[in-house]
1. Out of everything in segment 92-102 that is aromatic (F, W, Y) and surrounded by 18 or more Cβ atoms within 10 Å (Cβ to Cβ), what residue ends up being nearest to G9 (Cα to Cα)?
2. Please state which one of E88, E46 is of a type outside the set (K, R), within 20 Å of G9 (Cα to Cα) and more than 14 Å from the chain's Cα centre (by Cα).
3. Could you please find all residues in segment 4-14 being more than 21 Å from E55 (Cα to Cα) and open to solvent by less than 50 Å² (accessible area, probe 1.4 Å)?
4. For segment 11-24, indicate whether the set of residues that are free of Cβ contacts under 8 Å to residues at least 24 places away in the same chain, in a loop (DSSP other than H, G, I, E, B) and more than 24 Å from Q1 (Cα to Cα) is non-empty.
5. Of the numbered conditions (1) closer than 24 Å to Q1 by Cα; (2) part of a helix (DSSP H, G or I), E88 satisfies every one except a single condition; which is it?
6. I'm trying to understand the selection: among the residues of segment 22-37, which are open to solvent by 30 Å² or more (accessible area, probe 1.4 Å), modelled with pLDDT of 95 or more and closer than 15 Å to S71 by Cβ?
7. Write out, first by first residue and then by second, each pair whose Cβ atoms fall under 7 Å of each other, whose residues are 6+ apart or on separate chains, and whose first residue, in segment 51-67, is over 17 Å from V78 (Cβ atoms) while the second is open to solvent by less than 50 Å² (accessible area, probe 1.4 Å).
8. Taking segment 53-91 on its own, how many of its residues are surrounded by fewer than 17 Cβ atoms within 10 Å (Cβ to Cβ) and in contact with a Gly (Cβ under 7 Å, 6 or more places away or on another chain)?
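The values are calculated or read from the model by the stated rules, or taken from the named source; none is laboratory data. The structure presented is a predicted model; accordingly, all values stated were derived computationally and were not measured. Reconstructed Cβ throughout: ideal geometry from the backbone, glycine too, with neighbour counts over all protein chains shown. For accessibility, only protein heavy atoms count, side chains too; no ligands or nucleic acids. Shrake-Rupley method; radii C 1.70, N 1.55, O 1.52, S 1.80 Å.
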Amino acid sequence: QVQLVESGGGSVQLGGSLRLSCVASGMFFRIVAMGWYRQAPGKERELVATITSAESTNYAEYVKGRFTISSDNAKNTVYLQMNSLKPEDTAVYYCHGRLSHYDYWGQGTQVTVSS
């Protein structure tokens, strides 16, 4: 059974930083891509950033220059370094993985930014 487990969420003040981690475990052939999405109350889930196995990255406009996605393929782990956090970044952050031919989601981790 494949699982994605996130960690690193929490509460910070405006301008603070957090680092999220997501580990993929279980039986799968290869990681095609991993990424982070977020969902704020009353809003749809939206893309934050993605990274392929070749380490090609893609960012949503609203996080460019503030967030950095990276991966450690040997550890099947993806990270999201979030700097200069704003209250509008408050959301549940979900890890997504395209592993072999299937899509998987983590359970989500809450990020709260106060002003």
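1. To start, the set of residues in segment 92-102 that are aromatic (F, W, Y) comprises 93-94, 102.
Within this subset, residues satisfying the condition of being surrounded by 18 or more Cβ atoms within 10 Å (Cβ to Cβ) are 93-94.
Values: Y93: 8, Y94: 11 Å.
Within segment 92-102, the match that is nearest to G9 (Cα to Cα) is Y93.
2. Numbers: E46 fails: more than 14 Å from the chain's Cα centre (by Cα).
After ruling out the rest, the residue left standing is E88.
3. Selection gives G8, G9, G10, V12.
4. As a first pass, look at segment 11-24 and keep what is free of Cβ contacts under 8 Å to residues at least 24 places away in the same chain: none.
No, every residue in segment 11-24 fails to be free of Cβ contacts under 8 Å to residues at least 24 places away in the same chain, in a loop (DSSP other than H, G, I, E, B) and more than 24 Å from Q1 (Cα to Cα).
5. (1) is the only condition that E88 fails.
6. Correct list: V23 only.
7. Qualifying pairs under 7 Å: R66/M82.
8. Adding up the residues that qualify gives 1.
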